[in-house]
Each structure stands twice: as C-alpha cells, then as structure tokens.
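S.K.: The structure under discussion is supplied below as structure tokens; questions concerning it will follow.
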Amino acid sequence: MTADYADHVAAPSPSPGHRCPGPADFPDSPLSQALRQPVLLGLFLPIQAGGWSASTLPRTTSWHFDYNKALTLRAEALGFDLVFALSQWLPKGGYGGVFDGNALDSFMTIGALTSVTSRILLISTLHVLYGPWHPLHLAKFGATLDHISNGRWGINVVTGHRAVEHEMFGWDRIEHDNRYALATEFIEVVQRLWSEPDNYSYEGRSSWRLQGGFVTPKPKFGRPVLVNATGSDAGIAFAGRFSDIVFITSPAGSTFSDAIAALPAHAARVKQSALDVGRQVRTLLNPMVICRETERETWAYHDAIVAHGDDRSPKGFRGFDSDAHAWRGRSGVDADKRRIVGGNIEVIGTPEQVVEQFVRLKRAGIDGLQLSFFDFQPDLDFFGERVLPLMRSAGLRL
Ligand SMILES: Cc1cc2nc3c(=O)[nH]c(=O)nc-3n(C[C@H](O)[C@H](O)[C@H](O)COP(=O)(O)O)c2cc1C
C-alpha cells in the first residue's frame, strides 16, 4: 500500500458470485435468536465525552470503561439484544465544549466487553480504510472476537466522512463513492478469509495483496455480524450486499413528527436494496429517549437539558467538513438545538407515550431501536422498570 492511498481505485469484485454465509443463516446463532424479537433493542454506549447531548446539565454519563461496562451488564440483565459504540478520530479539543474529544476506541472497548458478557450482541464501529488495515488483520482479529464472544461480536463498517480524519491518516479525503468501492473490495477479501477452507491469494488493482493468506479458526456462524451506517445510494447498495443490520437516520431531521413521515419510504428503500440481491437487512434507528413518569416531569427534564445547552459543541461540530449524506436532513440553527438534545430521532414522553412512538416506528419499517439517554445509568434503570414492561404488553418485546 502506497502513501497516496486516497488515489486507489477499487478492483472489480474479487469474488463475483461468492457468498459468505452469515449468522442469520444459522438458526441457533446469537443474531438469529435476537431477530426473533418483534423489535431489536440496543443501547448506544457513550464511550465519547458528552454522549450524544451537548448539554452541561449535571449527569452520570461518562466515557470511562467501567461506566460503559456497567451499562452493558445492566442492558444485558434487562434483556437488551445489543450494545453498540461509535468510532471517531478528532484533533485536540474534539468538537469543543462537552464534546471535548475524550473517547475510548470502539474496537478495543467492545472487544474487552466480549469476555465479561454472555448473551448480548456487541457491535464495534471500525473505519476499515484507515491505517490502512490489511484484510488479514480484520479477518484474524474478527474471528478471534467471534470465538471469545461465541458469535456475539459484530462490526459496523464505516469509511470515514470527515476530511480531518483522513488527513490524520496522511491523505486527502477519499472520494465518497470510491470509499464504498474500496470497502466492498476489502470486505469481500475478508469474507473469503472467513470462509475459504484453503489458503487464499489475491492481488487488487492498486490496493490489497495477499499471498496464501489463511485464517483459522473460522467464525462460528459463517462470519461475525455485519452492520453499516448510511444514508447514501452507495452506502445503501453496500448494505444490501453485505450487512445484516443497517444503521439509518431520519432523512427529515430528528423531531418525531418530521421523522415519522419520512421513514417509511426510506426504510423500504434500504430493505429493497437487499431484496434485490436475494438478501435481507434490518433497519436500526437511534432514538434519544427522554422519559419521566408524567408529561410535566418529562418536559421539565427536556427543558433543563436544553437550558444547559453548550453552544460550543454544535458550533464546533459544524466546523468539521463532512460529506455524509446520512444527516443531510439536519441543517441550520435548529440542527444545533437538536444536537443539544441528541439522537437521530427524539422520543420524548411518559412511558406510555414512548411506547406509542416505538409502535409507530415499527409500523414505519424500523426493525431495531438503538437507544441513547441523557443520563445513561438512571435513565436506563427507569426505562427497564417503566418502559420495558409496556413494550412487552404492546407486543414489541417477547
Ligand atoms: C446512525 C449512524 C451512525 C454512524 N456512526 C459512525 C461512527 O461511529 N463513525 C463514523 O466515522 N461514521 C459514522 N457514521 C457515518 C457513516 O458511516 C458514513 O460515513 C456517513 O454517513 C457517510 O456515508 P453516507 O453518505 O453513505 O451516509 C454513522 C452514520 C449513521 C447514519
């Protein structure tokens, strides 16, 4: 791999027609077991400072490992299906304000959680093009985490949308669709290594090369869980070909009323991309849940979060050039306000109102809810006590 990596052109498919069986093809895999739930339930771990909310209202939320480990164990005890963590590379000071840049690495943190949990799925976000990583690295590291976790580990494949991150790794940002072409090549080679019974050789046009590469043990259920997070045509096509789960956003911003109108068509389009190639993907959405016993308490909590808004963070966030399509529905001053609350969609209300909104999201084609909270520990406890039983009564959880 040369230094001018960003100029690389992906090779044509290294394995046309090759199909790597996935965990959803095995009825006893942890993914298949989770998919029996009417709605997947996940927790978006706050391994980065500020979590998702640019507010200084006092709270327990912390990026430290012990805090996130405790959250994961609590989510597992409550019967959640998955936890997930993001990956970001930011210069000194991060986005600014409460988003000060302190963050654990997603791959390492989730990797460490594999050995302290027993049932829950664990998804690491990984920039597969940074480094550059060699496909053999991911094939071997992924197979190892797959075995430690007994098939519960998965990867959220991201390609990096912020120019500053690519520059940190030593090149100008790779063009948007070329990133997905390179990620396609990379993942196809990794899948070969996960499934080939013999040594595997590969020579990319200008990218990766392998001579007699081999990985054993193989992953337990074909391959680890594959996820990607996207809103663009190229990313949706990638999801259709490879992913078990697609992390989507509302194309119309994060307020519930706007999002719910736009989601059915968007979710259907994402799912169709997989059906077109004889596969199935599930859609996952990230609600920020603000919930208290009464409407008055709920909105008082919401208003306090907003009143303590740290304007430095959304302003700094906007200052970083991104070419992502996924968040194009959010812009302007309102986007800054919404970033103080956080989440890709806001679900605000009493326990009954929250469940009612979840029912509407399911009807809109959302298969999974990856929850964020403002104050994770107490809010998750309240959710477990008051909202989860109502989700069961509403037929959203077994
Ligand atoms: C819900 C969601 C979560 C994401 N999480 C991350 C992340 O943790 N790290 C990252 O670099 N990009 C993340 N992304 C960005 C995407 O991976 C992608 O780079 C970006 O959306 C640009 O691709 P697109 O134009 O296909 O949407 C996320 C995107 C979405 C929609």
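Every number here is computed from the coordinates shown, using simple stated rules; none is lab data. Keep in mind it's a predicted model, so treat the numbers as computed, not measured. Positions of Cβ are backbone-derived with ideal geometry, glycine not excepted, and every protein chain shown enters the neighbour counts.
S.K.: By its C-alpha gyration tensor, with a ≥ b ≥ c as the square roots of the eigenvalues, how is region 272-321 shaped: rounded for a/c under 1.5, else prolate for a/b larger than b/c, else oblate?
M.R.: oblate
S.K.: Let me spell out the model: positive unit charges on the Cβ of Lys and Arg, negative unit charges on the Cβ of Asp and Glu, origin at the Cα centre of the chain. What dipole size does that give, in debye rounded to 20?
M.R.: Charge dipole of the chain: 660 debye, to the nearest 20.
S.K.: If you don't mind, another one. Would you be so kind as to identify which of 281, 262, 294 lies farthest towards the positive end of the dipole of region 253-299, taking Lys and Arg as +1 and Asp and Glu as -1 on Cβ and the Cα centre as origin?
M.R.: The listed residue farthest towards the positive side: 281.
S.K.: Which Cα, out of 132, 48, 27, lies furthest along the positive dipole direction of the chain (beta carbon charges, K/R +1, D/E -1)?
M.R.: The Cα lying farthest towards the positive end belongs to 27.
S.K.: Still on this model: At 222 nm, what value in deg cm²/dmol follows for the chain if DSSP H runs of at least 4 each add -39500 (n - 2.57) and the sum is divided by all its residues, to the nearest 500?
M.R.: So the helix-based figure for the chain works out to -11500 deg cm²/dmol.
S.K.: Rank-order 56-69, 364-377 by packing density, defined as the average count of other C-beta atoms within 10 Å over each peptide's residues, highest first.
M.R.: Ranking the peptides 56-69, 364-377 by packing returns 364-377, 56-69.
S.K.: Also: For residue 92, go through the lysines and keep the ones whose alpha-carbon is under 30 Å away, minus same-chain ones fewer than eight residues off.
M.R.: In chain and number order, the partners are 69, 315, 337.
S.K.: In Å and from the alpha-carbon atoms only, list the Rg and Dmax of region 209-347.
M.R.: When restricted to Cα atoms, region 209-347 yields Rg and Dmax of 19.0, 65 Å.
S.K.: Cα centroids of region 248-305 and region 103-181: how far apart, whole angstrom?
M.R.: So the two Cα centres are separated by 24 Å.
S.K.: Mean shadow of region 296-378, computed from the convex hull of its alpha carbons, in nm²?
M.R.: Computing the convex hull of the Cα atoms and averaging its projections yields 6.8 nm².
S.K.: Going Cα to Cα from residue 362, which lysines come in below 24 Å? Please leave out same-chain ones fewer than 8 positions away.
M.R.: Candidates past the 8-residue exclusion: 271.
S.K.: Quick one: check the C-alpha center-to-center distance for region 66-83 versus region 334-372, whole angstrom.
M.R.: 20
S.K.: So what's the chain giving for Cα Rg divided by 2.2 N^0.38 Å, two decimals?
M.R.: So the chain has a normalised radius of gyration of 0.95.
S.K.: How do 266, 147 line up, fewest other C-beta atoms within 10 Å first?
M.R.: Placing the least packed residue first, the sequence is 147, 266.
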